[in-house]
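Chemist: Here it is: the structure, laid out below.
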Amino acid sequence: MQLPVLDRLILKSKKPSRYAGGELNAVHKDLAKARVTWALAFPDTYEVGMSNVGFRLLYHALNERPDVACERLFMPWTDMEAALRAECQPLFSIESRAPLKAFDIAGFTLQFELCYTTVLAMLELGGVALFTKDRTRDDPLILGGGPCTYNPEPIADFFDAFVIGEGEEVVHEISDAVAAWKKTRSSRQDLLWLLAEIPGVYVPSLFRVHYNPDRTIARYEPLKPGYESIVRRVIPDLNLVPQAEKPIVPFMQTIHDRLPLEIQRGCTRGCRFCQVGMITRPTRQRDPNEVRKIAEKGLETTGYEEVGFLSLSAGDYSCIDGVLEDFFDEFGPENVGISLPSLRTETMSPHLAEQIKRVRKSGFTVAPEAATERMRRVINKGNAEKDLLHAVDTIFEAGWDLVKFYFMIGLPSECDEDVKAIVQLSAEALRRGRKKNSRAEINVGISTFCPKPFTPFQWDPMISYAETQRRQGLLRDELRKLGRGFKDLHVKPHDARQGALEGALALGDRRLSSAVLHAYRCGQRLDGWTEHFRLEVWHDAFAICEKEHGVGLEFFAHREKGEHEILPFEHIDCEVTKPYLWKERKKSLTEGATADCAYGDEYCTACGACDYEVVDTIVYHPSDYRKQHVDKPELPKERTLLRMRYAKEGVAIALSHLETMTALLRTFRRAKLSIPHSQGFHPKPKVSFGPACPVGTESRAEYLDVEL
Ligand code: SF4
């Protein structure tokens, strides 16, 4: 039988489950009947995009509306891209396999700067003109959202509009504006003017940029009267952010393969290098009494075996102890785990460690960021060395074998001693850890600091590639000095090649669009994947920009900016004010501390993020959490061994054996079947599957054995 062309391409691809669709809880609507259609586009592969909590939230929030249909698109891997081009097939959505061009709106999630060439690849594969000026009324509206929109200038020429800030509310206003415009005969330009009326929507083509003779920016001239600056959108209360009752469950193993549950948004610790901390202020916690209810519901409708409690630092969530205790009492016997993606060292307590180790004993990550007390004062990372060492002691004592550290080099005012101290501190932590656990091991990840917009370090230059290499050499020398007794200390500096580019794209202006375009034209896409990143192509691309505009890598990434220089994102208002950021920068030079404002009005330093009426800090007290009664599930006294027969057909033929097994195990969980688990650090369900059925093959007689 001849398969439809896309089915054939999908089954021939390296990982068919990236494209096959049909996942549990995916929403299928008739695009022709919707008032507005959205393509949520993620400029990376499926497994990366489906791990993004914001992307998933928007998908369900948009599909909640009966008049809106929203589908997902991802960047295909290179084999699939080549196949699509060879067969003249456009980039298609997962749900209905509609081409990108068929949607009213394409909303791209811009998570990090190195995704820009991938956006261009997706537009071109989808049959959409790359430049906003070349698009017609029939083209989708190309929107960008996510952290990169705080300085979207390097890609301003390619996008019709950007959403600045949190998107959960504004997407509905945009849907309404597009629906109203579709009914008229107005031009695309009229739509852009309409969108510019919506708070938080930035239409770059409605600004003209003027430059000084020294090539810095002189001013942004708004072409629409009164459209001077774009203030970010913020959701005042996280409890108002709808959590999907039935979250989508990918077949493919995604990067974060678990039920995502956002427990806190914003962080006001005030780390001076941290963009996400500044742009998501103030701290807003979810009601702890809701957290478990949402987790319960989500587990019931997905069958996931792990919940990710998401926040910038899970240990800062004030009710974490109570919530975890009840969670493990209820779900521990069912072997449901919790993942706390990030913890600050000073929030690690023996009690917290005890809670977490009830189901999880994989590596534990702590992020000291800098290794000397001086450097940590510069960046306002309030953790003292004793906190770090104490946290590591606690973790090893609680039974973990592996701790992962995360540091940066190249922070402003860093000297060689600060760099060497990274190895010395890690070695000391290992020395102490071994006294608690003889199998103690420490992995140390070290990246190069990249200044970001809307941080106190936005004026600082980034260290050069050569300097990064020199400092990485210092680390290696220091490690060598430790000698053989430290083979369990693994120091791994990150690939330094991408750093300066990321810095330039983060701090650059519209003139960089020529570099992005050139890199794309020379074959770059999926730049975040080391196997696809080619430094020489990007260097050529920046050289072309330098030739055209007289500005390049050096100008954007490695030059110190003055206090009064107009920065490329001057017309974007993240509400944390420029004078505040400058004051924080000056404070860093004197190693001054700024307190976390989350725990009392008296600590507010008036950064500008709160209006104290609608937007203000929301932090719960541990006593706000009402301990919840837990009905411990009764385990069966007797079990019967069953042999089950199942069919693998339809979309399931695109699944690998491992994906099929995971899908079936999650089905058993949803059906509340009690399956015994193995003992040990990583308990596994005791189910025996028959031999693998090859991908692309239908079968009506697959078997598994399970004790019920
Ligand atoms: S305005 Fe005050 S309370 Fe609000 S985030 Fe800024 S420093 Fe914190």
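Chemist: Report in % the part of the accessible area of the chain that belongs to carbon and sulfur, leaving out ligands and nucleic acids; probe 1.4 Å.
Modeler: 53 percent
Chemist: Which loop-located GluC sites (Glu not before Pro) does the range 483-541 contain, where loop means any DSSP state but H, G, I, E or B and the Cβ has at most 14 other Cβ atoms within 10 Å?
Modeler: Sites meeting the loop and neighbour criteria: 531.
Chemist: Roll a 1.4 Å probe over the protein chains and send me the accessible area per residue for the chain in Å².
Modeler: Normalised by residue count, the accessible surface of the chain is 41 Å².
Chemist: Between residue 645 and residue 223, 0.36 nm times their residue separation minus their Cα-Cα distance comes to what?
Modeler: 145.3 nm
Chemist: Take each complete run of DSSP H in the chain, measure how far its Cα atoms stretch along the helix's own axis, and keep only those covering 30 Å or more with mean Kyte-Doolittle hydropathy at least -1.0; list them.
Modeler: 416-436
Chemist: Over 30 Å between C-alpha atoms is what I'm after, so list which of 133/183; 15/183; 15/452; 14/684; 14/133; 452/547 land there.
Modeler: Violating the 30 Å Cα-Cα cut-off are 15/183; 15/452; 14/133.
Chemist: When the helices in the chain are scored as -39500 (n - 2.57) per DSSP H run of 4 or longer and the sum is shared across all residues, what 222 nm value do you end up with, to the nearest 500 deg cm²/dmol?
Modeler: -9500 deg cm²/dmol
Chemist: About the Cα centre of the range 641-707, how large is the charge dipole given +1 on each Lys and Arg Cβ and -1 on each Asp and Glu Cβ? Please answer in debye to the nearest 20.
Modeler: 280 debye
Chemist: Sticking with this one: Take every Cα pair under 8 Å in the chain that's 6+ residues apart, average their separations, divide by the length, and report that relative contact order as a whole percent.
Modeler: It rounds to 14 percent for the chain.
Chemist: Set Lys and Arg Cβ to +1 and Asp and Glu Cβ to -1, take the dipole of the range 492-544 about its Cα centre, and tell me which of 516, 539, 493 lies farthest positive.
Modeler: Looking along the dipole axis, the top candidate is 516.
Chemist: Charges only on Cβ, +1 for Lys and Arg, -1 for Asp and Glu: so what's the dipole of the chain about the Cα centre, in debye to the nearest 20?
Modeler: That gives the chain a dipole magnitude of about 1600 debye.
Chemist: Report the semi-axes of the equivalent ellipsoid for the range 166-317 in whole Å, largest first, where each axis is √(5λ) for an eigenvalue λ of the Cα gyration tensor.
Modeler: The answer is 37, 23, 14 Å, longest axis first.
Chemist: What is the antiparallel percent of DSSP beta bridges lying wholly in the chain, to the nearest 5?
Modeler: Taking every DSSP beta bridge with both residues in the chain, the antiparallel ones total about 35 percent.
Chemist: Can you list the aspartates and glutamates whose alpha carbon is less than 18 Å from that of residue 246, not counting same-chain residues fewer than 8 positions off?
Modeler: Within reach: 23, 64, 71, 95, 168, 257, 262, 290, 296, 300, 305, 306.
Chemist: Separate question: Within 10 Å of each candidate Cβ there may be at most 15 other Cβ atoms; applying that plus a DSSP loop requirement, which GluC sites (Glu not before Pro) in the range 612-659 survive?
Modeler: Taking the range 612-659 and a limit of 15 other Cβ atoms within 10 Å, the loop GluC sites (Glu not before Pro) found are 613, 634, 638, 649.
Chemist: Using the eigenvalues of the Cα gyration tensor, what equivalent ellipsoid semi-axes result for the chain when each is taken as the square root of five times the eigenvalue, whole Å, largest first?
Modeler: Value: 38, 35, 26 Å, ordered largest first.
Chemist: Relative contact order (percent) for the range 73-123, with alpha-carbon contacts under 8 angstrom and 6 or more residues of separation?
Modeler: 31 percent
The values are calculated or read from the model by the stated rules, or taken from the named source; none is laboratory data. In this text, all values refer to a predicted model and were calculated from it rather than measured experimentally. All Cβ positions, even for glycine, are placed from backbone atoms using ideal geometry, and neighbour counts span all protein chains on display. Surface accessibility is based on the protein's heavy atoms, side chains included, excluding ligands, DNA and RNA. Shrake-Rupley method; radii C 1.70, N 1.55, O 1.52, S 1.80 Å.
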